[in-house]
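Contents: one structure, followed by commentary.
The values are calculated or read from the model by the stated rules, or taken from the named source; none is laboratory data. Predicted model only: the values in this text are computed from it and were never measured. Because the Cβ atoms are built from the backbone with ideal geometry, glycine has one as well, and the counts that use them run over all protein chains shown.
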Amino acid sequence: MTNSRRLLLSATLSVPLSAPFIRPARAARTISFAGPAGDFQTHYEASVIEGFRRAFPDIVVYYFPVTNSFQTLGALRTQRALPQMDVAMMDAAVAKIATDEGLLERLTPDTLPIGRELLPQAFIPGVAGPAAMLDNLVLLYAPDKVRSEPTSWKLLWDNAHARQVAMPTPPDALGIAFTLVANKVFGGGDYRESLNAGLTAIGELSSRVQTWDPKPDPYGFILDGGAALSIGWNSRGQSLALRSFGRLAAAIPDEGSVFQINTINLVRGGPETDAGRLFLSYALSAEAQKAFTERMFHTPVNTRAQIAPNALARTAATPGRMAKMMDVNWSEIAKLRESITEQWRRRIARLR
């Protein structure tokens, strides 16, 4: 290890990600990829990373699991002088911060060879990297308590399920997304101008909520029999539903939903920029998008990905569902997050 590398490691010990990014001296061509931990890592390695390794056997990929996007942002800031990462996956709002701070390479449909195959919404104004996949808000339910698949978000307000609802709250992204959906369902207009309709409706829902911010999370809370209804992200909800023996299911109501976007980014000044760009392009390819969607039920961003019908039915990627998805800019939501959280505290928390 060089003196400069030792100095970098010593300066970054406070950031949990830093130590693993020190590369073996013998590795000829390696890239470091930071992505979400847990089930996501398991399935992403098995589908996308293994596929890349077969296509490019001369490139080694190290996957470094992170708890959340802010952890990755912290590592990028600490390593600014000598980056250790090549590619990083972050949610769109945090990627916007990293872009503004000059930590990421800006990619466009013209500078990324595969860019023209992607959905137009894959490129987000002000964010360096494109969307890697799209997840969406779903209505979680316990089939033994909710006998038929929900078709409307308004089921949460149904007195038949009073005190059987578990609800995550802002600043959690689930709470933010639910506020946007409630605003649409109850007749609100542009979310950038007002969320009053949604906040008023959620205030009325308060008396029906059994548990706020369920632990360990809304999925586990329903699996353990703690509630009949909650909200979650489609990918995790659908994958857990398949393994739950009928204790959990996830529905995309007819009114539509909102996408949550994970972006994939090329780190500015990374050790293996060219290899990192190859990996990023492969992760966005039709082959990789198909493989991951069929394992984790995200909506693919590559328009050429041919998804198996049984997997497609568990996503928001069908034409009918895509037409009903809300047009939301998460870079703008990042600016509104504090305001939305404060309004929840003032208008909803006091009603609990």
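Observations on the structure shown:
- Residues being assigned to a helix (DSSP H, G or I) and either surrounded by fewer than 19 Cβ atoms within 10 Å (Cβ to Cβ) or of a type in the set (Phe, Trp, Tyr) (or both) - total across the stretch 230-250: 1
Quick grid of which residues meet (1) surrounded by fewer than 18 Cβ atoms within 10 Å (Cβ to Cβ); (2) farther than 30 Å from Asn310 by Cα; (3) not assigned by TED's automatic domain parsing to the domain that holds Arg295:
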| position | (1), (2), (3) |
| --- | --- |
| Gln164 | no, yes, yes |
| Asp190 | yes, yes, yes |
| Asn196 | yes, yes, yes |
| Tyr219 | no, no, yes |
| Ala228 | no, no, yes |
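- For the stretch 117-141, the set of residues classified as buried (at least 23 other Cβ atoms within 10 Å of the Cβ) and in a loop (DSSP other than H, G, I, E, B) consists of Val127, Ala128, Gly129, Pro130, listed by residue number.
- Test: residue in the stretch 315-322 that is among the small types (Gly, Ala, Ser), over 16 Å from Glu193 (Cα atoms) and touching a Pro at 6+ places or on another chain (Cβ under 8 Å): yes
- Qualifying residue in the stretch 289-309 (condition: of a type in the set (Lys, Arg), within 17 Å of the chain's Cα centre (by Cα) and farther than 30 Å from Arg29 by Cβ): no
- Elements of type helices (runs of 4 or more DSSP H) in the stretch 251-349, at least 1 residues being buried (at least 22 other Cβ atoms within 10 Å of the Cβ) and in contact with a strand residue (DSSP E or B) (Cβ under 9 Å, 6 or more places away or on another chain): 273-283, 286-296, 330-347
- Flag for Arg106 being in a helix (DSSP H, G or I) and out of contact with any strand residue (DSSP E or B) (no Cβ under 8 Å at 6 or more places or on another chain): no
- Test set (1) under 25 Å from Ala288 (Cβ atoms); (2) of a type in the set (S, T, N, Q); (3) at pLDDT 95 or above - Ser230 fails condition number: (1)
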